[in-house]
Amino acid sequence: MNSILVTGGAGFIGSHTCLSLLKKGYTVYVLDSYINSSPVPLQRISIILEKENVKIDDKLTILKGDLRKESDIKKIFEIALKKNKPIEAVVHFAGLKAVGESNKKAIKYWDFNVLGTISLLKVMEDYDCWNIVFSSSATIYRPKKNSLMDENHELGPSNPYGVTKFVIEKMLNDAFRSNQKWRIINLRYFNPIGAHPSGLIGEDPLGIPNNLFPLIMQVAIGKINEIKIFGKDWPTKDGTGIRDYIHVMDLAEGHLKALEFLINEKPQICNINLGTGIGTSVLELIKTFEKINNVKIPYVFTGRRKGDNAFVVADNSLAQSNLNWIPKMNIEHMCRDGYLWQINNPNGYLK
Ligand code: NAD
Ligand code: UD1
């Protein structure tokens, strides 16, 4: 399998994955509407590869298009056919991901995430393409006590965004049950942070971020005054929430391993966690960021956020055994690379 369609390839995780795919020699087709991104990260990918003396020739094809329109998806499949390099697998990132917005605009989330995926699967069937890696999320789990979550952990998303991920997984299960040509991996990401070590591509949230790490980066460069820590009385080692932060480059590598698994194994559908298996508290993340980057991150404690959880950490043994994937980067790398990206690009990809 050499030719891959990456939906949402201009986004945070998509752009890092495109970079890793191109570096590995894959032919990459990107379909993105830029609703939450821009063409710039894809231009930066070419710069990074040039610096690393990796020739991509015509291996990167980009089409601006909306996944909810079957005609746009067909266009990219047709382009690939004309190049004589038909799309053999899809890595499906495109979708909306803001939990807070999904609470207020639930139908918009069903439209982009669920309808977009339905259109994609229909076109894939039409073009005889049966391999897909889907961006799912740990948000579909119902966290319980302070124990690692494996793939059999109880499901129970608590917001419309999470529900869309949950129903897409269900839909993919039905797709496989109805036609066993499908090879499907649902990758359930934990908390992706960090950036490519070049500092050229990274996370560029629109407006004021809601997630902890982008907020820390913006406090570090003085765009935001302080972090509001949501609660200091959680049942954790220091009273602040614990998460499984994973470096975006390790995550990208996980997609390459997932594609390899899809080709080498029999048709199937499986769910695989991508996390490090290591929990880090809010205070630990702030302290590590301060130490590694020699900056001050002021913070204050406030009340708990509605719907929040104490402890969300992956059991990643399935990814290790099935995908032969072991994350290489630790919290220090994540803080170092994220900060480099942010100081080089204080306004994200905007000049
Ligand atoms: P992102 O917003 O940076 O990237 C998503 C990309 O999809 C953007 O470039 C956007 O323009 C594009 N897109 C959205 N709707 C589209 C449509 N209808 N047609 C074409 N393009 C469209 O998000 P990300 O952080 O890179 O996340 C990628 C995927 O991973 C998403 O599906 C997200 O739900 C999932 N995920 C992300 C996280 C996280 O914390 N970042 C965690 C778990 C799962
Ligand atoms: C949140 C979403 C989750 C989504 C994920 C990635 C909620 C309840 N969960 O997860 O569904 O998949 O983002 O988009 O919204 N924190 C602060 N102050 C802040 C922000 C966060 O103290 O200003 C704390 C949180 O309480 C938590 C940790 O930092 O303990 C991480 O928060 P965040 O980055 O929002 O990620 P999740 O809560 O894991």
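With the cut-off at under 19 Å, measuring from each backbone N in region 328-351 to a point 7 Å along the Cα-to-Cβ line of GLU284 picks out 328-338. Reducing region 270-339 and region 192-267 to their Cα centroids gives an inter-centroid distance of 7 Å. When region 108-198 is described by a simple charge dipole with +1 on each Lys and Arg Cβ and -1 on each Asp and Glu Cβ, the residue from ALA195, SER137, SER158 located farthest towards its positive end is SER158.
Modelled this way, with points 7 Å down the Cα-to-C-beta line, the labels at ILE79 and LYS108 are 2.7 nm from one another. Using alpha carbons only, how many degrees (0 to 90, rounded to 10) separate the axis of helix 248-264 from the longest principal axis of the chain? With rounding to tens, the tilt is 30 degrees. Along the positive direction of the dipole of the chain (beta-carbon charges: Lys, Arg +1; Asp, Glu -1; about the Cα centre), which of TYR34, PRO209, LEU256 reaches farthest? Farthest along the dipole direction, towards plus: PRO209. Taking ILE201, ILE79, ILE216 in turn, the Gaussian network model of the chain (Cα-Cα springs below 10 Å) assigns the largest fluctuation to ILE79. Placing pseudo-labels 7 Å out from each Cα toward the beta carbon at ASN179 and GLN43 gives an inter-label distance of 3.9 nm.
Here the chain is assigned +1 on the Cβ of each Lys and Arg and -1 on the Cβ of each Asp and Glu. Its dipole about the Cα centre then comes out at about 500 debye. For the Cα atoms of the chain, what angle does the longest principal axis make with the long axis of helix 70-82, in degrees from 0 to 90, nearest 10? Approximately 60 degrees, to the nearest ten. Packing around the peptides 13-22, 257-266, taken as the average count of other Cβ atoms within 10 Å per residue, puts them in this order, highest first: 13-22, 257-266.
Modelled label positions at ARG304 and ASP128, each set 7 Å beyond Cα in the direction of Cβ, lie 5.5 nm from each other. Cβ-Cβ distance of SER317 and GLU101, R₀ of 35 Å, FRET efficiency by 1/(1 + (r/R0)^6): the value works out to about 0.55. Panel note: the C-alpha atoms of the chain, placed on their principal axes, show extents of 56, 44, 38 Å (largest first). Extension gain, ASN152 to ASN225, is 22.2 nm, computed as 0.36 nm per intervening residue step minus the present C-alpha separation.
Sequence-distant contacts, meaning Cα pairs under 8 Å at least 6 residues apart, place the relative contact order of region 3-344 at 19 percent. Amide H to amide H distances under 5 Å link LEU274 with ARG188, TYR189, PHE190, where only residues 5 or more positions off or on other chains count and H is placed in the peptide plane. With a Förster radius of 56 Å applied to the beta-carbon distance between GLU52 and ASP233, the computed FRET efficiency rounds to 0.75. Axis of helix 40-51 versus longest Cα principal axis of the chain: the two differ by about 90°, to the nearest ten degrees.
All of the numbers you see were taken from the coordinates with simple rules; none came from a lab. Note that the structure is a prediction, hence the values are computed from the model and not measured. Every residue, glycine among them, receives a Cβ derived from its backbone with ideal geometry; neighbour counts consider all protein chains shown.
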